[in-house]
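Student: Pasting a structure here, questions to come.
The values are calculated or read from the model by the stated rules, or taken from the named source; none is laboratory data. Computed from a predicted structure; not experimentally measured. Reconstructed Cβ throughout: ideal geometry from the backbone, glycine too, with neighbour counts over all protein chains shown. When the accessible area is computed, the model is the full protein with side chains, heavy atoms only, and any ligands, DNA or RNA have been set aside. Shrake-Rupley method; radii C 1.70, N 1.55, O 1.52, S 1.80 Å.
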Amino acid sequence: MSVLTRRQREIFNFLRDNTDSFSRPPSLDELCTALGMASRGSLYKHIMALIKAGLVEPFTGNKQGGVRLTAQAQGDDSGSEQGLPFVGSIAAGKPIEALATISYMTVPDALKTDKSCYVLQIKGDSMIEAGIFDGDWVVIEQRDYAINGEIVVALIDNFEATLKYIEQTAEQVLLLPGNAHMSALSYRPEQVTIQGVLVGQMRSYRSH
């Protein structure tokens, strides 16, 4: 399961923040109108991804059923106002899959921006020379572009995500580790989707 796309997160946030605006769970058509989306089919695909992630209840019978958050997603909402979504683990080494398991973490304002952000936990040691270690939490500003030299969440072939420095040209995208013992990863531009840029970091020193 991949990290939620920007549109899927927007839909989830809308459902979470506007529960009281509907007398009953909104239909797909009502949700299309509220979100300003022209394609009901596109919305349905996003809703199915949210169902797969455990954030939206499955439709009962057909697409005409109302769209409502799962009990778990609604329960997590109590901590969401001051917290950021924690969406799983990401590799700072060989790419591994980032999860779309939503819970919330309290993050100091100084470690996030005023744009949509989320939290990932680091697995691996390929960014240790950037001061990012296995087990650290990183705060990611959600956007689909980056400046060369920034540390990004890169989704590769729509399947695996990794945290690396990025260098982009028209012909090639290089994902560079912060570890002299590891090699850069080279991809065609169409293979790489930027899902966010590193803006903050947290670490626990508790023994386990």
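Student: How many nm is it between the label spots at ARG203 and ASN158, if each spot is 7 Å from the Cα in line with the beta carbon?
Tutor: 3.8
Student: Report the Rg/Rh value for segment 83-188, based on alpha-carbon coordinates and the Kirkwood definition of Rh.
Tutor: Working: Rg = 13.4 Å, Rh = 14.1 Å.
That ratio is 0.95, to two decimals.
Student: What length, rounded to one decimal in nm, is gained on full extension from ASP20 through to SER183, with 0.36 nm per residue of separation minus their alpha-carbon distance?
Tutor: 53.6 nm
Student: What is the packing order of peptides 169-180, 132-143, taking the mean over residues of other C-beta atoms within 10 Å and listing the highest first?
Tutor: The densest-packed peptide leads the list: 132-143, 169-180.
Student: With a point put 7 Å past each Cα toward its Cβ, work out how far LEU174 is from ASP29 in nm, to one decimal.
Tutor: The two pseudo-label positions are separated by 5.5 nm.
Student: Mean separation of Cα pairs under 8 Å and 6+ residues apart, divided by the residue count of segment 104-208: what relative contact order is that in percent?
Tutor: The value is 30 percent.
Student: How do the peptides 107-113, 11-17 rank, highest first, by the average count of neighbouring beta carbon atoms within 10 Å per residue?
Tutor: 11-17, 107-113
Student: Per residue, how large is the accessible surface of segment 5-64? Use a 1.4 angstrom probe and give square angstrom.
Tutor: 57
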